[in-house]
Amino acid sequence: MSRLLEILFGRLPIGWLQLTHSRTRFAAALAGVAFANVLVFVQLGIMNSMATATLRPYSFLNADIMISASDSNALSEGGNVARQWMLQAMAHPDVTAGMGLFLANVNWQRGATTLGLTTFGIDPAQPGFLSPDIAAKIGPLQIQMAGLLDRLSRGLPREEAAGIRPQSPLSFETSGKTLTLYDTFAGGGGFGGDGYMMVSDQTFLALLPARQSAAPDHILLKLRPGADPETVSTELRALVSDKTLRIRSFVQAGKDDLSYQQTRRPTGVIFGFGVIIGVLVGIVIVYQVLSTDVADHMREYATFKAMGYGQGFFLGIVLEEALILGLFGFIPGALVATGLLTLMGKLTTLPLAMTPGMIVIVFVGTLVFSMVSGAIATRRLAGADPADLF
Amino acid sequence: MALDDAPLRTSELNHWFGAGEARKQALFDVSLSIARGSLTVLVGPSGSGKTTLLTLLGCLREVQDGSVVLLGHELHGARPALGVALRRRLGFIFQAHNLHESLTAMQNVLMGLQVKGRVDKATAERAATHALGLLGLSDRMDYLPANLSGGQKQRVAIARALVGNPDVVLADEPTAALDRESGANVVDLLKRLGEARGTTTVMVTHDTRILDLADRVLTLEDGCIVGDQQR
Ligand SMILES: Nc1ncnc2c1ncn2[C@@H]1O[C@H](COP(=O)(O)OP(=O)(O)O)[C@@H](O)[C@H]1O
Ligand SMILES: [Mg+2]
């Protein structure tokens, strides 16, 4: 290593030799940087999985515009929208179809455990509003009290999910009613529920007698090919009489939901804050290690100054040390974080995983922030006065 | 030897420490010229200004009043960059060895060469090996300072000062940490360098044995040169 650095710098790798001179101190410094990396990775992983989980239900649907109540910040939050606004919106020449979307949580009591299923009530006569793979399976939903189950639901044995087929349906009781599952689709547990379920709007209303056919949770619209959802949304805001409604393109609705989860929901804010704390911990650790190291070598630096070494040389040493700490702290940090995220993903069935994007961002960030701390630590170099040596 | 050829010259050099009430003059009108290749010894009681003079000669301190001409360059009012460049042509030997604890003897000596820019590694190591050999450290080249005796460390520091063929060597009590024999060897080595390469040495010492080997002995007292003895 020392040889390699010597060739790289064209000088003795003093930073490396200095850092590794005390093994235990070096190990402690690396552990500190690795710890900061793990913190950042885990928080980023959770934020990433939050994004995946938030946007997942949107991927089940296929719409251009979504009309929601004024207080609807997320798909499963907020009041209802009267169906009459759908009829008004459909008067717009570019709107070709509309569907009411119902949403509720349905519990499936399975012995000791309860599966909380986020349940979508959709119109089985309009498969165009569903993603192609789900649309292909909604035939059985025409039957009353039929459902499609998320086969990746948390707490559902995979073999059991695999057994649910149109020819071998599975029934369960909920709120005193019997629901029969005819097929499955791929979803996954999120922060709000253990999995998803698709039923027809009729079944939905039968399951939840308090809900009314005239008041779905959201209204989805499809546009004529080539029409711009943003433009039409703007025009619809003028057209629809209820000015409190949120009329947005479907894509925008997903984005708003995500930014709401990440910046206004306490969990999202906490994880975002965690990333900042991780970065700060890293900066403080690297600064502490390097400034102590500079302080411990004042006499040596003063001697080098007397010998004719310039400011650039000392900056080089400290930045070399910063890079070494960043690089060698990152590697174990990334390894531990990968293991930790995988384990957490297994335990929670949240989509937690190390992604190449995270690796690149955290790697570059670690090097940059290490250099910043190193640069701050070099301020102490000014204290090395060669005149004091004699 | 022409006076202009002198690598070190001072004229009416004054120096003060502190400010206000505490301001205290450490050097008074010091004027001297030191010949190339000579070994000059500075003597005088403690506090007489020997170290102050040495740091001024070696561009380690800013010249406040008067003139110091080092290797043809006026130091009074000089840019810091000139000081850095000139120091690369000097060899400093401090009372304490000031070796870098995480570098081996060889690596410490190499630092004395590397300051002059990129040197071919093999050439540099040959020069460092030679310098360490001259100081009797051939078998200690890969030792860290922690594994060397006090005298060995001081000799490594001397090798570091000499490896780059300095024009001027400035030494402050360099033999204090050495035993009688190696002390004499070091002074002998500096004398031979003076004859062979024209290396000029100015050395502060209390060691009376060295006085006999010096070309010139300057005596300082209370910041003034009170004796100048050519030998
Ligand atoms: N950094 C300093 N700050 C204040 N006074 C100093 C400093 N260095 C030296 N002096 C004073 O200058 C005078 C000369 O000191 P010095 O050159 O170290 O003498 P010597 O080396 O002959 O013992 C002394 O009175 C000393 O107290
Ligand atoms: Mg002194």
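The values are calculated or read from the model by the stated rules, or taken from the named source; none is laboratory data. It should be emphasised that the depicted structure is a prediction, and the values quoted were computed from it without experimental measurement. Neighbour counts run over all protein chains shown; Cβ positions are idealised from the backbone, glycine included. To get the accessible areas, we keep the full protein, side chains included, count just its heavy atoms, and leave off ligands, DNA and RNA. Shrake-Rupley method; radii C 1.70, N 1.55, O 1.52, S 1.80 Å.
Residues whose amide H lies under 5 Å from that of A:Gly189, counting only those 5 or more places away or on a different chain, are A:Arg154; hydrogens are built 1.01 Å from N in the peptide plane. 3J(HN,Hα) couplings calculated from phi for the stretch B:183-191 with the Karplus curve 6.51 cos²θ - 1.76 cosθ + 1.60 (θ = phi - 60°) are, in sequence order, x, 5, 4, 5, 5, 4, 4, 5, 5 Hz; Gly and Pro show x.
A dipole drawn for chain B from +1 and -1 charges on Cβ atoms has a positive end, and of B:Leu39, B:Phe28, B:Gly194 the residue lying farthest that way is B:Gly194. When nucleic acids and ligands are ignored and a 1.4 Å probe is applied, A:Ile376 ends up with an accessible area of around 70 Å².
The contact residues of the stretch B:83-101, meaning those that lose at least 40 Å² of 1.4 Å-probe accessible area when all protein chains sit together rather than their chain alone, are B:Arg87, B:Phe94, B:Asn98, B:His100, B:Glu101. Restricting the trypsin sites (Lys or Arg not before Pro) of the stretch B:107-170 to loop positions (DSSP other than H, G, I, E, B) with no more than 11 neighbouring Cβ atoms within 10 Å leaves B:Arg118.
Residues whose amide H comes within less than 5 Å of that of B:Leu220, counting only those at least five positions distant or on another chain, are B:Val43, B:Gly44, B:Val226 (H built at 1.01 Å from N in the peptide plane). Considering only B:Leu90, B:Leu211, B:Leu60, the Gaussian network model of chain B with Cα springs below 10 Å gives its largest mean-square fluctuation to B:Leu60. Straight-line cross-link partners of A:Lys255 among the aspartates and glutamates, defined as a Cα under 18 Å from its Cα and at least 8 positions apart when in the same chain: A:Asp64, A:Asp71, A:Glu77, A:Asp228, A:Glu230. Here the 3J(HN,Hα) profile of the stretch B:112-124, calculated from phi with Karplus coefficients 6.51, -1.76 and 1.60 at θ = phi - 60°, is x, 9, 4, 5, 7, x, 4, 10, 4, 4, 5, 4, 4 Hz, Gly and Pro shown as x.
The shape of chain A can be summarised by an equivalent ellipsoid whose semi-axes, obtained from the alpha carbon gyration tensor, come to 59, 24, 16 Å from longest to shortest. When chain B is treated as a Gaussian network with alpha carbon springs shorter than 10 Å, the biggest mean-square fluctuation among B:Asp212, B:Asp29, B:Asp120 belongs to B:Asp120.
Residue-wise HN-Hα couplings along the stretch A:244-255, as the Karplus relation 6.51 cos²θ - 1.76 cosθ + 1.60 with θ = phi - 60° gives them from phi, are 7, 5, 9, 10, 9, 5, 4, 5, 4, 4, x, 4 Hz; Gly and Pro carry x. Between chain A and chain B, the total buried accessible area stands at approximately 2600 Å², from heavy atoms with a 1.4 Å probe. By the rule of a C-alpha distance below 19 Å, with chain neighbours fewer than 8 residues away ignored, the aspartates and glutamates paired with A:Lys346 are A:Asp150, A:Glu159, A:Glu160, A:Asp194.
Any chance you could check the stretch A:3-30 for residues losing 50 Å² or more of accessible area when the partner protein chains are in, compared with the chain on its own (1.4 Å probe)? Residues shielded by partner chains are A:Leu12, A:Leu17, A:His21.
Looking at chain B, the DSSP beta bridges with both ends there are about 55 percent antiparallel.
Averaged per residue, the stretch B:184-226 has 43 square angstrom of accessible surface, using a 1.4 angstrom probe with ligands and nucleic acids left out. Distance from the C-alpha centroid of the stretch B:165-231 to that of the stretch A:217-258: 91 Å, rounded to the whole angstrom. Summing charges over all other residues whose Cβ lies under 12 Å from the Cβ of A:Gly147, with Lys and Arg as +1 and Asp and Glu as -1, gives 0. Of all lysines in the structure, those lying under 25 Å Cα to Cα from B:Lys191, and not within fewer than 8 positions of it along the same chain, are B:Lys50, B:Lys116, B:Lys153. Computed per residue of chain A from DSSP H runs no shorter than four, each worth -39500 (n - 2.57), the mean residue ellipticity at 222 nm is -17000 deg cm²/dmol. In the stretch A:376-390, burial by the other protein chains removes 10 Å² or more of 1.4 Å probe accessible surface, compared with the chain on its own, from A:Pro386, A:Ala387, A:Leu389, A:Phe390.
With all protein chains in place and a 1.4 Å probe, the accessible surface of the protein assembly as shown carries 58 percent carbon and sulfur. Accessible surface calculations at 1.4 Å, restricted to protein heavy atoms, place chain A at 42 Å² per residue. Remark on B:Leu27: its backbone amide H falls under 5 Å from those of B:His15, a criterion applied only to residues 5 or more positions apart or on other chains, H modelled at 1.01 Å from N. Among A:Asp64, A:Asp133, A:Asp194, the largest mean-square fluctuation in a Gaussian network model of chain A, built with springs joining Cα atoms closer than 10 Å, belongs to A:Asp133. For B:Val63, neighbours were defined as the other residues whose beta-carbon sits under 15 Å from its Cβ, and their charges (Lys and Arg +1, Asp and Glu -1) total -1. Among the trypsin sites (Lys or Arg not before Pro) in the stretch B:1-46, which ones are in a DSSP loop with at most 11 other Cβ atoms within 10 Å of the Cβ? Mind listing them? Of the trypsin sites (Lys or Arg not before Pro), the ones in loops of the stretch B:1-46 whose Cβ has at most 11 other Cβ atoms within 10 Å are B:Arg23. Separation of the stretch B:6-63 and the stretch A:352-379, taken as the distance between their Cα centroids, equals 50 angstrom.
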